Amino acid sequence: MSNIVALTLIIGLFCEAALIAILVWSIFVPDRRLWPPRQVSWLSQIIVWMPTIAVFGSAIIIGLSQWNALGWPFWLRWTIGLPWVLAGNVVVWSAALGIGMDATSGAEAERKRSGSGAEAERKRSG
């Protein structure tokens, strides 16, 4: 493992551990919670999104630098792996954008009532 991969792995794991620690703290000490923030500002958005981007970025860097380290055949990587990666990203990022930057950063927002889950809820209540 090269030095850049090791450093990237350490940064990604540290950021992920920090995000998990913030969530756990907020669950067990709700009167002094860190998430969601009591007031959302550009600074709180940066504090939330920077480690998240670092985790995603480290996964990409490690994935590219260790390309085909498992020796999987070409057809398997591109015909099965790539569509799953793309589909997962489309689902996650379209949901995050649909919710909005403020809401994904912890701000109070109106509940979204679109999509298959909202349709099922309307049928139950209606």
Region 66-90, residues that are open to solvent by 60 Å² or more (accessible area, probe 1.4 Å), within 22 Å of L9 (Cβ to Cβ) and either in contact (Cβ under 8 Å) with a residue 24 or more places away in the chain or not in a loop (DSSP other than H, G, I, E, B) (or both): Q66, V85, N89
Residue count, region 1-41 (criterion: free of Cβ contacts under 8 Å to residues at least 12 places away in the same chain and either touching a Gly at 6+ places or on another chain (Cβ under 8 Å) or over 23 Å from I60 (Cβ atoms) (or both)): 14
The one condition in (1) out of contact with any Leu (no Cβ under 8 Å at 6 or more places or on another chain); (2) closer than 27 Å to S2 by Cβ that I62 fails to fulfil: (1)
Filtered residues of region 16-44 (kept if over 20 Å from M101 (Cα atoms), open to solvent by less than 50 Å² (accessible area, probe 1.4 Å) and part of a helix (DSSP H, G or I)): A18, S26
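Would you check if I47 is over 30 Å from R113 (Cβ atoms), of a type outside the set (G, A, S) and surrounded by 12 or more Cβ atoms within 10 Å (Cβ to Cβ)?
Numbers: over 30 Å from R113 (Cβ atoms): no; of a type outside the set (G, A, S): yes; surrounded by 12 or more Cβ atoms within 10 Å (Cβ to Cβ): yes.
Taking the combined requirement at face value, the residue does not satisfy it.
The values are calculated or read from the model by the stated rules, or taken from the named source; none is laboratory data. All values reported here derive from a predicted model rather than from experimental measurement. So basically every Cβ, Gly included, is an ideal-geometry build from the backbone, and we count neighbours across all protein chains shown. Note: areas computed on protein heavy atoms with side chains; ligands, DNA, RNA excluded. Shrake-Rupley method; radii C 1.70, N 1.55, O 1.52, S 1.80 Å.
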